[in-house]
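Student: The structure under discussion is supplied below as structure tokens; questions concerning it will follow.
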Amino acid sequence: MTEPPVQPRRRLTIVDYICFGLVGVIIAYAVYRVSDVLVYNWNWSRVFNFVIYYDEETARYVPNLLLEGIATTLRLAFWATIVAATIGLVMGYMRTSKNLAMRMISRCYVELVRNIPPVVFIFIFYFFLSGQLMPLIGIDDIDKHGDFVNSSVFYTLFGDPRLFSNFVAGALCLALFEGAYITEIVRAGIQSITKGQWEAARAVGLSPLNVLRDIIFPQAIRKILPPLAGQFITLIKDSAIVSLISIQELTFLATEVASTTTKVFETWIIVGAMYFVLCYSFATLFGHLEKRSMRARR
Amino acid sequence: MTHTPATASKTDPNILISFDGVSKWFDNFQALRDINLLVKQGERVVVCGPSGSGKSTMIRCVNQLETHQRGVIHVCGREVYGNMKELEKVRREVGMVFQSFNLFPHMSILENVTLAPVRNIKLSRGEANEIALHYLERVQIADQADKFPSQLSGGQQQRVAIARALAMKPRVMLFDEPTSALDPEMINEVLDVMTELADEGMTMMVVTHEMGFAREVADRVVFMDEGRVEENCSKDEFFTGGRGERAQIFLSKILQH
């Protein structure tokens with residue numbers, strides 16, 4: 001048996017080092033401008049205290065505003081993803097429907113959301129719709145002293161009960177917004193299933209609902225899982241926008257921290273790093289899962 | 001009123017499929033022109049003709065994968081048109097095998113075969129598995145039951161597709177060019193299964209170019225051209241010269257080598 005020829009390991013060449021050097025120079029210059037020309041008094045620890053601080057009384061580290069903010073961001077992303085996925089599944093199917101009315105409704109939804117700036121969309125939704133919608137579904141009437149509402153389970157899932165209606169409005173805004181993008185992903189997924197699969201499923205006499213449930217959706221979902229995961233990460237980043245309607249997530253609290261400490265640069269750099277760590281961890285995790293599921297299917 | 005095929009099929013339980021003046025258009029292109037055809041219980045009908053002649057379209061009208069626009073089609077005593085519930089019932093009595101197999105790639109071979117019985121007639125897993133294994137046995141592929149379609153050869157996949165159709169215990173089997181997508185060495189294993197099925201008395205409608213199969217198995221040969229049924233005669237008549245000019249030309253082309 002002959003051995004396969006050994007591929008030379010790809011190494012960095014001189015050109016690559018020159019590129020790195022150039023990037024280094026640019027960064028060094030930026031640092032020089034900030035430190036020398038800007039004359040700014042850096043104080044990281046004041047802002048760090050808003051991430052986590054040492055409580056002398058209990059002698060423990062306690063999470064502060066910014067960590068609570070990122071928890072709210074995660075909660076928002078979690079619920080918004082669930083609602084958006086539901087919207088996306090239904091609307092995405094409607095986009096491929098034979099029924100013209102169904103196609104028109106879903107198309108209008110998608111085009112409306114995609115062609116309005118997110119900020120504008122969220123203002124419209126929040127000020128005009130949620131004012132009507134929230135009382136209608138009785139969100140404001142929840143018993144703020146009930147056992148479940150005050151339990152730690154509730155807090156973990158929805159955060160502070162006093163901000164519940166506010167939280168729901170924010171999550172709904174995000175969900176409606178991201179739902180349009182998921183709709184398009186689902187549509188592409190459904191359309192990627194060959195005609196033969198529909199025909200074979202119908203030919204054995206499955207009902208329309210079973211055709212979707214057993215044949216089309218399982219295959220479509222496998223195909224759209226990677227873009228869906230990407231959309232989840234996008235949603236985490238987009239959630240910053242609901243700070244504008246006073247949802248107390250990371251970005252909202254960051255503006256508060258920045259104004260109380262007056263340490264604007266530190267605050268936003270730290271918050272940026274927090275978003276980065278969060279999103280990059282998810283991206284790595286999803287990438288890892290995807291590779292594993294690919295391997296599982298040979 | 002004259003005795004049309006449609007009225008005949010309602011009264012005569014021996015007629016499983018009847019086409020009565022059926023026409024179909026794809027936009028402005030007329031794919032089927034006034035088709036009249038009867039398939040009786042136990043009959044093996046081979047449909048042949050040049051490509052684009054409408055044979056696939058016709059066979060796909062039987063279980064309404066294509067809808068016709070004029071005329072009446074009865075299958076197993078029911079008119080097929082529009083009504084989804086009726087159509088599902090018809091489809092459960094009509095098995096279909098496709099050119100490109102169309103197995104469900106996300107399900108194991110066993111699941112492919114059990115899906116319809118479990119969903120349609122609410123069989124338990126155990127009962128369905130038993131039936132499925134029985135039919136997989138018959139197409140000699142039971143040992144692959146736990147594999148996935150992508151792990152099988154084309155011939156094996158097509159045999160699974162036949163088992164999948166049989167699992168609903170259909171009264172009629174439709175074959176839409178079942179061997180056209182197969183490598184030559186796999187054609188026979190599929191034709192053998194089909195021949196066996198025919199020997200057991202299954203009513204079959206087969207679109208195929210395999211004239212050897214038609215000679216051996218068919219009771220009747222339907223020859224189509226340009227959306228019309230040009231010939232509809234017994235196998236002997238068709239192969240021994242009692243055929244029209246167009247069929248003559250077609251046969252001479254495909255039997256050349």
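Student: Taking 0.36 nm per intervening residue step and subtracting the Cα-Cα distance, what contour gain separates A:F123 from A:A188 on full extension?
Tutor: Length gained between A:F123 and A:A188: 20.5 nm.
Student: Separate question: Let me spell out the model: positive unit charges on the Cβ of Lys and Arg, negative unit charges on the Cβ of Asp and Glu, origin at the Cα centre of region B:78-123. What dipole size does that give, in debye rounded to 20?
Tutor: Using only the charged Cβ atoms, the result is roughly 140 debye.
Student: Over all directions, how big on average is the projection of the convex hull of the alpha-carbon atoms in region B:100-229, in square nanometres? Mind showing how you got there, number by number?
Tutor: Working: hull surface 34.4 nm².
It is 8.6 nm².
Student: Separate question: At B:F29 and A:A101, where each label point lies 7 Å from the Cα along Cα→Cβ, what is the point-to-point distance in nanometres?
Tutor: Here the modelled spin labels are 3.4 nm apart.
Student: Enumerate the calculated ³J(HN,Hα) couplings along region A:105-122 in order (Karplus 6.51 cos²θ - 1.76 cosθ + 1.60, θ = phi - 60°), each rounded to whole Hz, writing x wherever the residue is Gly or Pro.
Tutor: 4, 5, 4, 4, 4, 4, 5, 4, 5, 6, 10, 10, x, x, 4, 4, 4, 5
Student: Still on this model: Of the options A:A200, A:G170, A:A71, report the single residue whose Cα projects farthest towards the positive end of the charge dipole of chain A (beta-carbon charges: Lys, Arg +1; Asp, Glu -1).
Tutor: A:A200
Student: If you put +1 on each Lys and Arg Cβ and -1 on each Asp and Glu Cβ, how big is the dipole of region A:120-224 around its Cα centre, in Debye rounded to 20?
Tutor: Here region A:120-224 has a charge dipole of around 560 debye.
Student: Starting from 0.36 nm per residue, how many nanometres of slack lie between A:I14 and A:I269 once their C-alpha separation is accounted for?
Tutor: Separation in residues times 0.36 nm, less the Cα-Cα distance, equals 88.5 nm.
Student: Going 7 Å from the Cα of B:Y81 in the Cα-to-Cβ direction, what parts of region B:26-64 have a backbone nitrogen less than 18 Å from that spot?
Tutor: Residues B:26, B:31-38, B:58-64 fall inside that zone.
Student: Report, largest value first, the span of the C-alpha coordinates of chain B along each principal axis, in whole Å.
Tutor: 50, 46, 36
Student: Same structure, new question: Would you mind getting me the FRET efficiency between B:K253 and A:C279? Use the beta-carbon distance for r and R0 = 60 Å, nearest 0.05.
Tutor: Between B:K253 and A:C279 the formula returns 0.40.
Student: Using r as the Cβ-Cβ distance of A:V6 and A:T234, and R0 as 60 Å, what FRET efficiency do you calculate, to the nearest 0.05?
Tutor: Step by step, r from the Cβ atoms, then E = 0.90.
Student: Test of understanding: ordering B:K85, B:K169 by Cβ neighbours within 10 Å, fewest first, what list do you get?
Tutor: Placing the least packed residue first, the sequence is B:K85, B:K169.
Student: Would you mind calculating the gained length between B:E237 and B:K40 on full extension (0.36 nm times residue separation, minus the Cα-Cα distance), in nm to one decimal?
Tutor: 69.1 nm
Student: Would you work out the relative contact order for chain A, in percent, from Cα pairs under 8 angstrom that are 6 or more residues apart?
Tutor: 25 percent
Student: Kirkwood Rh, Cα Rg: Rg to Rh for region A:226-297? Please report the intermediate quantities before stating the final value.
Tutor: Numbers: Rg = 15.7 Å, Rh = 13.8 Å.
Ratio of gyration radius to Kirkwood radius for region A:226-297: 1.14.
Student: Treat every Asp and Glu Cβ in chain A as -1 and every Lys and Arg Cβ as +1, leave all other atoms uncharged, and give the resulting dipole magnitude about the Cα centre to the nearest 20 debye.
Tutor: Charge dipole of chain A: 1720 debye, to the nearest 20.
Student: Now for a separate question. Along the charge dipole of chain B, Cβ charges K/R +1 and D/E -1, which of B:N14, B:M186, B:S234 sits furthest on the positive end?
Tutor: Farthest towards the positive end: B:N14.
Student: How much FRET efficiency would the formula 1/(1 + (r/R0)^6) give for B:I121 and A:T262, where r is the Cβ-Cβ distance and R0 is 60 Å, rounded to 0.05?
Tutor: 0.25
Student: Shape verdict for region A:1-140, please, from the Cα gyration tensor: rounded (a/c under 1.5), prolate (a/b greater than b/c) or oblate.
Tutor: It is oblate, given that a/c is not under 1.5 and a/b is not larger than b/c.
Student: Let me ask something else. Would you mind checking A:K195/A:K291; A:K195/B:K55; A:K223/B:K122; B:K89/B:K122; A:K98/B:K169; A:K223/A:K291 for any pair whose Cα atoms are more than 21 angstrom apart?
Tutor: A:K195/A:K291; A:K223/B:K122; A:K98/B:K169
Bear in mind that the values in this text are calculations on the coordinates, not laboratory data. Here the structure is a predicted model, which means the values were calculated and not measured. Positions of Cβ are backbone-derived with ideal geometry, glycine not excepted, and every protein chain shown enters the neighbour counts.
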